[in-house]
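Below you will find the structure I want to go over with you.
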Amino acid sequence: MKGIDHIGIAVQSLEQALPFYVDILQFKHVHTEEVESERVRVAFIQTDNCKIELLEPMDESSPVYTFLQKRGEGVHHIALETEKIEADIDSLTEKAVRLINQQPKQGAGGARVAFLHPKSANGVLYELCERQSK
């Protein structure tokens, strides 16, 4: 793994959250898209040294909706950049790390992603994130 790709932040409303990042912190809102498989709308925020993804649930079936009900708004996950997601999944499995996804799936921004279970990572939800190009 190469380092941090982005930090995912769960929010109730992109419309309400975006002004803080854009107007107050002066970060750039790159674009917004929907990820149907996770039932979320994602706003991509660019900073000088890290990306932020704001995650808004599209409905009650979204895992982000469940997260918000249990924990409220805040850091949802930390995404780790990888160039070989399958090899990293295999390596983590061999090291007895519990994974939520045994195979990569399509994530936001065209990335292939897989999540590590927080019980194997000191309570932190980590996402492996493989992008075709930056």
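The values are calculated or read from the model by the stated rules, or taken from the named source; none is laboratory data. Keep in mind it's a predicted model, so treat the numbers as computed, not measured. For neighbour counting, all protein chains shown are included, and Cβ atoms are generated from backbone atoms with ideal geometry for every residue, glycine included.
For residues that are under 19 Å from Ile4 (Cα atoms) and either surrounded by 12 or more Cβ atoms within 10 Å (Cβ to Cβ) or of a type in the set (D, E, K, R) (or both), tally how many sit in segment 83-96.
Residues that pass the stated criteria total 8.
Okay, residues lined up against (1) in a strand (DSSP E or B); (2) in contact (Cβ under 8 Å) with a residue 12 or more places away in the chain; (3) over 24 Å from Gly123 (Cβ atoms):
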site	(1), (2), (3)
Ile4	yes, yes, no
Arg41	yes, yes, yes
Asp48	no, no, yes
Leu55	yes, yes, no
Glu60	no, no, yes
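When segment 48-85 is examined, which residues are found to be more than 16 Å from Gln106 (Cα to Cα), at pLDDT 95 or above and among the polar types (S, T, N, Q)?
Residues satisfying the conditions are Ser61, Thr66, Gln69.
Look through Leu68, Leu14, Leu25 and report the one residue that is without any contact (Cβ under 8 Å) to a residue 60 or more places away in the chain and surrounded by 18 or more Cβ atoms within 10 Å (Cβ to Cβ). Explain how you work it out, then say what you get.
Details: Leu14 fails: surrounded by 18 or more Cβ atoms within 10 Å (Cβ to Cβ); Leu25 fails: surrounded by 18 or more Cβ atoms within 10 Å (Cβ to Cβ).
On inspection, the qualifying residue turns out to be Leu68.
A further question follows. Take Ile9 and decide whether it is β-branched (Val, Ile, Thr), outside any helix (DSSP H, G or I) and closer than 22 Å to Leu128 by Cβ.
It is true that Ile9 is β-branched (Val, Ile, Thr), outside any helix (DSSP H, G or I) and closer than 22 Å to Leu128 by Cβ.
If you scan segment 106-125, which residues turn out to be assigned to a helix (DSSP H, G or I) and either farther than 21 Å from Ile45 by Cα or under 10 Å from the mean Cα position of the chain (by Cα) (or both)? Before the answer, list the steps.
Initial filter on segment 106-125 (assigned to a helix (DSSP H, G or I)): 108-110, 118-120.
Matches in segment 106-125: Ala108, Pro118, Lys119, Ser120.
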